[in-house]
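Working notes for the structure below.
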Amino acid sequence: MRRTTIALLAGLEASVAALIGLGIALVPLMLLWAVHFGLAIDVTIFLRASADVWLLGHGVDLVLQLDPLTAARTGLPGAGDPFPITIALLGFALITVVFGRRIGRRSAAEGQSFTGGISAVVVYALVGFVLASVAGVDGARPVIWQAALLPAFAMTVGVVIGAVPETLRNDQATDAADGFVRRRVAELPTALVDAARAIVRAGAGAAFGVLAVAAVLVAVLVAVDYATIAGLYQSLGSGIDGGIALTVAELSLMPNLVIWGAAWLLGPGFAIGTGTTVAPAGTLVGPMPGIPLLGALPNEAQPYGALWLIVPVLFGFFGARLVVASGAPRSSSSRGVWWFPLVIGVGSGAVAGLVLGLLAWWSGGAAGPGRLAEVGPDPWPVAGVAALTVGIGAIVGAYSAPRRRRLDDAFFEGIGADPVSESR
């Protein structure tokens, strides 16, 4: 396809992705407007609210100020003062990443990954800026510069995830930027590229393995505590329309809960308000937001909670072992050096820590005034524990890989060094 066609298709698909996210936020709000309020309230309030929710789902900070009556009903100190909402409803960002991955793969398959990716990112930046400009009112104002950057950043993440593997496989790149990147990569020592690829595969694979286990853990907790969650729904008395809106909000929070589950599994846990903690070592919470899904939180210490740390260790072990053992050897020699598997293991741990730490940071923030200013995991302990546990497992796995020595020789052969002299 021509470059202009690729750019137009990528921009169109990005527009569809934004419309889908806005529609998911808008439909339950329109039900509230029609059923609960009987069409008696200005509909633009709900249109602006859906835009705010979409922006919030991409990490855009929202500055709110409650009216005096609502602030008095909350019973929270300082509820009448302006306060930020910084916690992202990551379900909306996940939709953007999924569409971005499709756009990146399709553009890269046509040899125009930069053209398609930049088109999609620009469209998302414009959508975010326009929505923030239109949706801002005195009681709720999104931060405009974040609205222009953060939705575009989520799209960029998806485009990179989709485009990079496809570009490496596709030899028909016609985009000038693609060709420039491929030439620069080709100039690097092949062994260095292979080692970096192994590190990223093992580290990212271990991180997403931990997230997969956390997702299963969250699903089990929801199934076990379903009666409690249903009771909380009934106690809210929100009706069918309010229940639908609340369920959509909870579904948009599910990626956050999975990341919080990973933080719990790793040990640091997470907070539901200032001075609270939910961790394997114990749970200490106070009054919580009226979100029924929070009824599934563990309410006591786990006697063998430290055993969950074996999960990232095992993912690091098998990830490093698989990527090292599956590498194509370039030398039949069996001589190697002792520190090359150490590089693979340490690098894998660093990648896993970076991924889980960034996700922990993105999943938390302020959810309201007062004590709700701290919700979610602390990213630094999460990143540190993930890097340590995955790194330990990856080091052992890399050293135990059956073809490790041949890969060592391949590394030094690729950079022009003598493995015998290096091992001495």
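Results for (1) of a type in the set (S, T, N, Q); (2) over 16 Å from TRP361 (Cα atoms), shown as yes or no for each residue.
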{"site": "ALA262", "(1), (2)": "no, no"}
{"site": "PRO268", "(1), (2)": "no, no"}
{"site": "GLY273", "(1), (2)": "no, no"}
{"site": "LEU294", "(1), (2)": "no, yes"}
{"site": "GLN302", "(1), (2)": "yes, yes"}
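Considering every residue within region 244-265, establish whether at least one is surrounded by 15 or more Cβ atoms within 10 Å (Cβ to Cβ) and farther than 30 Å from PRO369 by Cβ.
Yes.
Say whether the condition of being outside any loop (DSSP other than H, G, I, E, B), closer than 21 Å to PRO379 by Cβ and either at pLDDT below 85 or β-branched (Val, Ile, Thr) (or both) is met by at least one residue in region 315-326.
For region 315-326, residues outside any loop (DSSP other than H, G, I, E, B), closer than 21 Å to PRO379 by Cβ and either at pLDDT below 85 or β-branched (Val, Ile, Thr) (or both): absent.
Consider only pairs whose beta carbons are under 7 Å apart and that are at least six residues apart or on different chains; among these, list those whose first residue lies in region 208-236 and is in the same structural domain as GLY353 (by TED's automatic domain parsing) and whose second residue is outside any helix (DSSP H, G or I) and surrounded by fewer than 18 Cβ atoms within 10 Å (Cβ to Cβ).
Cβ pairs passing all conditions: LEU236/GLY290.
Of everything in region 286-312, what is in contact with a helix residue (DSSP H, G or I) (Cβ under 6 Å, 6 or more places away or on another chain), assigned to a helix (DSSP H, G or I), of a type outside the set (Gly, Ala, Ser) and closer than 30 Å to ALA245 by Cα? Give them in sequence order.
The answer is PRO292, LEU293.
Restricting the first residue to region 293-313 and requiring it to be in the same structural domain as ALA249 (by TED's automatic domain parsing) and on the phi < 0 side of the Ramachandran plot, which pairs with a second residue that is surrounded by fewer than 17 Cβ atoms within 10 Å (Cβ to Cβ) and small (Gly, Ala, Ser) meet a Cβ separation below 6 Å and a spacing of at least six or different chains?
ALA301/ALA281; ALA301/GLY282
List pairs: first in region 239-257 and within 18 Å of TRP362 (Cβ to Cβ), second modelled with pLDDT of 90 or more and among the β-branched types (Val, Ile, Thr), Cβ under 6 Å, 6+ apart or cross-chain?
What qualifies is LEU257/VAL218.
Might you check whether a residue that is of a type in the set (A, V, I, L, M) and part of a loop (DSSP other than H, G, I, E, B) occurs anywhere in region 228-248?
Within region 228-248, none of the residues are of a type in the set (A, V, I, L, M) and part of a loop (DSSP other than H, G, I, E, B).
Determine which member of the set VAL193, VAL185, VAL213 is surrounded by fewer than 20 Cβ atoms within 10 Å (Cβ to Cβ) and either at pLDDT 95 or above or within 16 Å of the chain's Cα centre (by Cα) (or both).
That would be VAL213, the only listed residue that is surrounded by fewer than 20 Cβ atoms within 10 Å (Cβ to Cβ) and either at pLDDT 95 or above or within 16 Å of the chain's Cα centre (by Cα) (or both).
For GLN112, which of the numbered conditions (1) modelled with pLDDT of 90 or more; (2) more than 21 Å from ALA367 (Cα to Cα); (3) not hydroxyl-bearing (Ser, Thr, Tyr) fails to hold?
GLN112 satisfies all of (1) modelled with pLDDT of 90 or more; (2) more than 21 Å from ALA367 (Cα to Cα); (3) not hydroxyl-bearing (Ser, Thr, Tyr) except (1).
When only residues in region 134-149 that are in a helix (DSSP H, G or I), surrounded by fewer than 24 Cβ atoms within 10 Å (Cβ to Cβ) and in contact (Cβ under 8 Å) with a residue 12 or more places away in the chain count, which is farthest from the chain's Cα centre (by Cα)?
Taking the candidates together, the pick is VAL134.
The values are calculated or read from the model by the stated rules, or taken from the named source; none is laboratory data. Owing to the predicted nature of the structure, the values given are computational and were not obtained by experimental measurement. No Cβ is skipped: glycine too gets one built from the backbone with ideal geometry, and neighbour counts run over all protein chains shown.
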